[in-house]
There are 2 protein chains.
Amino acid sequence: MTKEIAAEELDPQSFISEKVEEIRGAVGDGRAINALSGGVDSSTVTMLGHRALGERLKTVFIQNGLMRAGEAEQVAGVFRDLGVAVEVIDARAEFFAALKGVTDPEEKREAVTQTFYRDVFGRLVRESKAKHLLQGTILTDVDETVAGIKRQHNVFEQLGIDPQEAFGYQILEPLIQLRKDGVRKLGQALGLPDEMFRRIPFPGPALAARVIGEASLERIETVRQATQVVEKRLSGYGAFQYMAILHEDRVTGMRDNRRDFGQQIEVRCWDSVDARVATPTRLPFDILEQLAQEIIDAVPSIVSVTYNIASKPPSTIEAV
Amino acid sequence: MTKEIAAEELDPQSFISEKVEEIRGAVGDGRAINALSGGVDSSTVTMLGHRALGERLKTVFIQNGLMRAGEAEQVAGVFRDLGVAVEVIDARAEFFAALKGVTDPEEKREAVTQTFYRDVFGRLVRESKAKHLLQGTILTDVDETVAGIKRQHNVFEQLGIDPQEAFGYQILEPLIQLRKDGVRKLGQALGLPDEMFRRIPFPGPALAARVIGEASLERIETVRQATQVVEKRLSGYGAFQYMAILHEDRVTGMRDNRRDFGQQIEVRCWDSVDARVATPTRLPFDILEQLAQEIIDAVPSIVSVTYNIASKPPSTIEAV
């Protein structure tokens, strides 16, 4: 079993020194590669890897078409300012091709995972000649994978892939003893700007996890627009996480004073410390109604907006 | 055009006298029939009809299997106490047979309407030898039908049926000049107990309008259980209407600490005067969270509960 290091016991500087040594020891004079999503885990492992390896670590941001509005540019910009080069890879066509016609949540997740690791990232790794791959896996990912609550996109064994055998590389997971709060503390010590920690958690399958049913280009664009409204409107309430979910069910609405069927967006906004348990944030009704109106105004196909009022458990944070 | 009588201008006693005369004049020494749903409109027209015709008006309550828990018994009991005999007709098998495999909202509505009028009520009318049929159509029904917002279940022409020709009977609509508030005033003057007016509006297709997708026996039972929780919990807030809607979309939940897919209930609770415009009731979050928990506890397949936060328009009161 992996030994947990609680956030309050974490001494960031000695942890950094130790992990820098470990990474250098493992990589030797070779090259490593990692994929940056812009989340706290992958951002922190990127900084740690560059502290250890400098330009011998190649960092890529895979644009899968499932990210939020402006996300690739924003993340690459932050790291550019920190002196870390990030290569943005446009793989949108590959992801939408893999998601075509897929409606089952597990199969969707699988399509995103397979396209990411096997097709796109696998190819990049081979081309890079790197023998080591850095991943931001944290202890909660391992727990939830073992408990069967979640299939983490960054746990390779589940794909039945031995990376050493398949691609000739080894995986390094320097954050595996930490939970989210420990990673935040570490990331700050590594110089990540405050805005990175104000980012709310975002799922591995990205906006594909925010549509019920097929994650087509059009439906992803719809939920992307709604997400932009929700993130802007709810950023000031100290919530743990908030999201827009596009439903597949059609509901009745009125357009030009006539009955018509439209789509529904579900908004979830969570109070939580570590995502293991969570309750809906008690937002003022003024805000909820404004939010609904703004979504309806910004996204023409939407006629109805709901707000989640169930807790986790038995709900989960994400709907898909 | 039908001349509207506003509630504040309505003199119930002279209105009753006038309509009693009209009904007696039309029916002569024949017999009439009407279907009671237990809503304010059909309850008021039942009282008015019995005032005019006594036992020459036959009143039936059609148990379509789509009503709320205990509803048939409760409605028949109220009228029994008022000295009005109501015959409860068990037609559940016919309705579920007609709804089998039907998922489109319009087709579901059509299946309920056709089964009600053409099959069940049509047969009862023929058997009763009545030549007149009393209906509780109000002015708002006519407006909304003309505007295309709603297909009222009690507007015959839409079915392409000339009742005189098809069944040999004439339709009497004594409430057609009134809106909901006028009907309430009239119903009180006719001696309907207060509890009838505390009843919230309930749609013609009943619980079939409260499930997205197929209205199977099992899904109707699920939404019936959720409806019972919602109506009990939200009855004290002075809201215009409140409801539980069973979605077809599956969402992730946790059961026995493992990831599992479950069903979602959407709760809508409306503030409105006459249903033409409506806003979500600003319920306290304590109540919303309790409500979600009670639904999850009472209905085992439910893992998620949402609350509507959009206004009408562009939403409608009902989802289907």
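If I ask for residues that are more than 17 Å from the chain's Cα centre (by Cα) and not in a loop (DSSP other than H, G, I, E, B), which ones from segment A:236-245 would you list?
Within segment A:236-245, A:Gly236, A:Tyr237 meet the criteria.
Among what's in segment B:186-224 and is charged (D, E, K, R) and modelled with pLDDT under 95, pick the residue that is most open to solvent (accessible area, probe 1.4 Å). Can you show your working first?
If we filter segment B:186-224 for residues that are charged (D, E, K, R), which is where we start, we get B:194-195, B:198-199, B:210, B:214, B:218-219, B:221, B:224.
Now narrow it down to the ones that are modelled with pLDDT under 95: B:194-195, B:198-199.
Values: B:Asp194: 95, B:Glu195: 79, B:Arg198: 167, B:Arg199: 44 Å².
Among those that are charged (D, E, K, R) and modelled with pLDDT under 95, it is B:Arg198.
Please specify each residue of segment B:292-316 satisfying the condition of being of a type outside the set (D, E, K, R) and more than 9 Å from every other protein chain (Cβ to nearest Cβ).
B:Ala298, B:Val299, B:Pro300, B:Ser301 - these are the residues of segment B:292-316 that are of a type outside the set (D, E, K, R) and more than 9 Å from every other protein chain (Cβ to nearest Cβ).
State whether the residues of segment A:171-185 include one that is in a strand (DSSP E or B) and either in contact with a Lys or Arg (Cβ under 6 Å, 6 or more places away or on another chain) or within 25 Å of A:Arg31 (Cβ to Cβ) (or both).
The answer is yes, given that some residue of segment A:171-185 is in a strand (DSSP E or B) and either in contact with a Lys or Arg (Cβ under 6 Å, 6 or more places away or on another chain) or within 25 Å of A:Arg31 (Cβ to Cβ) (or both).
Would you check which residues across segment B:3-17 are under 27 Å from the mean Cα position of the chain (by Cα) and exposed (fewer than 12 other Cβ atoms within 10 Å of the Cβ) and list them?
Within segment B:3-17, B:Lys3, B:Ala6, B:Glu8, B:Glu9, B:Gln13 qualify.
Quick one: which of A:Val273, A:Val277 is open to solvent by 20 Å² or more (accessible area, probe 1.4 Å), of a type in the set (Val, Ile, Thr) and away from chain B (no Cβ under 13 Å)?
So the residue among A:Val273, A:Val277 that is open to solvent by 20 Å² or more (accessible area, probe 1.4 Å), of a type in the set (Val, Ile, Thr) and away from chain B (no Cβ under 13 Å) is A:Val273.
Could you say which residue among A:Lys108, A:Lys131, A:Lys100 is charged (D, E, K, R), surrounded by fewer than 16 Cβ atoms within 10 Å (Cβ to Cβ) and at pLDDT 90 or above? Lay out the reasoning, then the answer.
Values: A:Lys108 fails: surrounded by fewer than 16 Cβ atoms within 10 Å (Cβ to Cβ); A:Lys131 fails: surrounded by fewer than 16 Cβ atoms within 10 Å (Cβ to Cβ).
Every option except A:Lys100 fails the conditions.
Considering only segment B:277-294, I want to know if a residue exists there that is in contact with a Leu (Cβ under 6 Å, 6 or more places away or on another chain), closer than 21 Å to A:Asp297 by Cα and among the hydrophobic types (A, V, I, L, M, F, W, C).
No: segment B:277-294 contains no residue that is in contact with a Leu (Cβ under 6 Å, 6 or more places away or on another chain), closer than 21 Å to A:Asp297 by Cα and among the hydrophobic types (A, V, I, L, M, F, W, C).
Looking at the structure I just gave you, is A:Glu248 modelled with pLDDT of 95 or more, of a type in the set (D, E, K, R) and part of a helix (DSSP H, G or I)? Don't jump to the end; show me each part of the working.
On the way: modelled with pLDDT of 95 or more: yes; of a type in the set (D, E, K, R): yes; part of a helix (DSSP H, G or I): no.
For A:Glu248, the condition - modelled with pLDDT of 95 or more, of a type in the set (D, E, K, R) and part of a helix (DSSP H, G or I) - is not met.
Go through segment B:34-54 and give me each residue that's modelled with pLDDT of 95 or more and not aliphatic (A, V, I, L, M).
B:Asn34, B:Ser43, B:Thr44, B:Thr46, B:Gly49, B:His50, B:Arg51, B:Gly54 - these are the residues of segment B:34-54 that are modelled with pLDDT of 95 or more and not aliphatic (A, V, I, L, M).
Quick one: how many residues across segment A:244-260 are surrounded by fewer than 17 Cβ atoms within 10 Å (Cβ to Cβ), facing another protein chain (nearest Cβ under 7 Å) and within 12 Å of A:Ser301 (Cα to Cα)?
1
Residues A:Glu218, A:Glu289, A:Glu266, A:Glu214: which one is within 8 Å of another protein chain (Cβ to nearest Cβ), under 25 Å from the mean Cα position of the chain (by Cα) and among the charged types (D, E, K, R)?
A:Glu266
Specify which of the listed residues (A:Val84, A:Val88, A:Val78) is β-branched (Val, Ile, Thr), open to solvent by 20 Å² or more (accessible area, probe 1.4 Å) and touching a helix residue (DSSP H, G or I) at 6+ places or on another chain (Cβ under 8 Å).
Result of the check over A:Val84, A:Val88, A:Val78: A:Val88.
The values are calculated or read from the model by the stated rules, or taken from the named source; none is laboratory data. In this text, all values refer to a predicted model and were calculated from it rather than measured experimentally. Heads up, the Cβs are rebuilt from the backbone with ideal geometry, glycines too, and the neighbour counts pull from every protein chain shown. Ligands, DNA and RNA are stripped out before the accessible areas are found, and what is left, the full protein with its side chains, is counted by its heavy atoms. Shrake-Rupley method; radii C 1.70, N 1.55, O 1.52, S 1.80 Å.
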